[in-house]
Each structure stands twice: as structure tokens, then as C-alpha cells.
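The structure under discussion appears below in the form of C-alpha cells.
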Amino acid sequence: MSHSFSLEAILAIARNNAIGLDGKLPWHLSTELQLFKSITMHHALIMGRRTFESLPGILPNREHIIITQSMKPMHGVHNAISVEHALSIAESLAPQKVFAIGGKRIFDELIPQCNAIHVSRIMREFNADTFYDFNFQGYTIEQSHSLRDDETGTDILYQKLII
Ligand SMILES: NC(=O)c1ccc[n+]([C@@H]2O[C@H](COP(=O)([O-])OP(=O)(O)OC[C@H]3O[C@@H](n4cnc5c(N)ncnc54)[C@H](OP(=O)(O)O)[C@@H]3O)[C@@H](O)[C@H]2O)c1
């Protein structure tokens, strides 16, 4: 399906495919949070209800579309009942880019439709209860650079992948 916006995904994955623990990220990496902020700023975000609940609040200057069948409508965010519904809300908001930001089912359903994937590969293993096995095959690396989170001494490999 073609959209009026660029549909992209953004995710951070540890060496053991960890992405979440106890409803939060398994790590606290300021460098990675800054990267997420700079890439997504002024665009729209599509996320599952648990990912929304993991945020500190509504992220400034970004439209939030939350896929949920249980959450009550809330001021400042858009509720959708499915991925298709989320994409039709995104069309009506007319952003330049829409980012799928997780969790697992959102990635499974939307990554095949995305024209770019931003992956932060966290170069350590973490305890987790949510894992995502992202298949890098078939993508071309458009951008790649290494970052270091100095507070924790953690290396991060950022890659922008295109299909
Ligand atoms: N490392 C990363 O890049 C990253 C990214 C995102 C999240 N996370 C982490 O992953 C965990 C959360 O992810 P998760 O996979 O457990 O949950 P999630 O996808 O964020 O939320 C699951 C909920 O979203 C709704 N939902 C999701 N897909 C749906 C669909 N296709 N149709 C209808 N409803 C749908 C349902 O809400 P209702 O129950 O309300 O109906 C479902 O219970 C947290 O620990 C978070 O910090 C990590």
C-alpha cells in the first residue's frame, strides 16, 4: 500500500535480541534515547499500548497513534484498533514520516511495509522478557555509524537500512 508519508521503523536490539523488560527498555542509554529523539522529532509515531505505557509521557512534537483495544481515549493521543486503522489516522495527520516504534506485533505487521528501518544494535546482552528477532537479510545499509554511551561504556551500532 502506498502512503503520502515515508513509513519507517525504529528499534533498538541487544545482541541476544532483547528489546524489553518489565514493560520498559532493558537498558538506560542516554545516547540511544537522543538518537531516537533526533530521528523521530516532528514526525508521527505508531506504537502498541504497552510501548505507550513504557514512555515517560507524551513525547513532545510528535503525534502519537496508539494501537489498543482496551485503552480509554486520552487527550493528546490518537487511539487505533488495528495497524490499518493506525495508518489511516496517520494519513489524516499528513506527517512527512511515520515511525513504527514497537512493540513486537507492531514491528511484525509494519516492518514488511516500511521503506526504511533504523536499528540501534546494542553491543551487549541484557536480561529481558521481550525479544525481537529482526531479519537483516534483504536490506541494504544506507548509513552506519558507531556510537558509545559514555555513562555505561556501551557500544551501539546505528544502521539505517533500506529495502
Ligand atoms: N527496544 C525497542 O526498540 C523497543 C521498542 C518498543 C517497545 N519496547 C519494549 O517492548 C515492551 C512492549 O512491547 P510489547 O510487544 O510487549 O507490547 P506492545 O506491542 O507495545 O503493546 C501490546 C498491546 O498493543 C496492542 N496491540 C499491539 N498490536 C496490535 C494489533 N495489531 N492489533 C490490535 N492491538 C494491538 C494491544 O493492546 P490492548 O491490550 O490495549 O488491546 C496489545 O496488548 C516494553 O518492554 C517496551 O519497553 C522496546
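Place +1 on the Cβ of every Lys and Arg and -1 on the Cβ of every Asp and Glu in the chain, take the dipole about the Cα centre, and give the residue among L29, N17, M1 whose Cα lies farthest towards its positive end.
Highest projection toward the positive end goes to M1.
How much of the accessible area of the chain, in percent, comes from carbon and sulfur atoms when a 1.4 Å probe is used? Can you show the working numbers first?
Working: 4270 of 8690 Å².
On the chain, the fraction of accessible area on carbon and sulfur atoms equals 49 percent.
Let me confirm the definition first: pairs of Lys residues in the chain, 8 or more apart or on different chains, C-alpha distance under 24 Å. How many are there?
Lysine pairs meeting the criterion: 10.
Can you tell me, using C-alpha contacts under 8 Å and at least 6 residues apart, the relative contact order of segment 6-162 as a whole percent? Before the final figure, lay out the partial values.
On the way: 311 pairs, mean separation 54.5, N = 157.
Reported relative contact order: 35 percent.
How much area per residue is accessible in the chain when the probe is 1.4 Å and only protein heavy atoms are counted (Å²)? Don't skip to the end; give the middle numbers.
Values: 8690 Å² over 163 residues.
Accessible area per residue, the chain: 53 Å².
Note down the magnitude of the dipole of segment 6-162 about its Cα centre, charges +1 on Lys and Arg C-beta and -1 on Asp and Glu C-beta and zero elsewhere, to the nearest 20 debye. Before the final figure, lay out the partial values.
Numbers: 14 positive and 17 negative charges, 34 e Å.
Result for segment 6-162 is approximately 160 debye, rounded to the nearest 20.
Give me a comma-separated list of calculated 3J(HN,Hα) values for segment 81-89, in order, Karplus coefficients 6.51, -1.76, 1.60 applied at θ = phi - 60°, integers in Hz, x for any Gly or Pro.
Whole-Hz 3J(HN,Hα) from phi for segment 81-89: 9, 7, 4, 4, 5, 4, 5, 6, 5.
Quickly estimate the mean residue ellipticity at 222 nm for the chain, helices only: each DSSP H run with n ≥ 4 gives -39500 (n - 2.57), and the total goes over all residues, rounded to 500. Walk me through the numbers on the way to the answer.
Working: 4 runs with 35 residues, N = 163.
It lands at -6000 deg cm²/dmol.
Compute the long axis of helix 30-40 from its Cα atoms, compare it with the longest principal axis of the Cα atoms of the chain, and write down the angle in degrees, 0 to 90, nearest 10.
Approximately 40 degrees, to the nearest 10.
Counting each pair of different Cα atoms once, what's the Kirkwood radius of the chain in Å, rounded to one decimal?
On the way: mean 1/r = 0.0623 Å⁻¹.
Value: 16.1 Å, from the Cα pair sum.
Compute the distance from the alpha-carbon center of segment 92-124 to that of segment 22-60, in whole Å.
Here the two parts' Cα centres lie 12 Å apart.
The values are calculated or read from the model by the stated rules, or taken from the named source; none is laboratory data. In this text the structure is predicted, and so the values were computed from the model without any measurement. Ideal geometry is used to build each Cβ from the backbone, glycine not excepted, and the neighbour counts take in all protein chains shown. When the accessible area is computed, the model is the full protein with side chains, heavy atoms only, and any ligands, DNA or RNA have been set aside. Shrake-Rupley method; radii C 1.70, N 1.55, O 1.52, S 1.80 Å.
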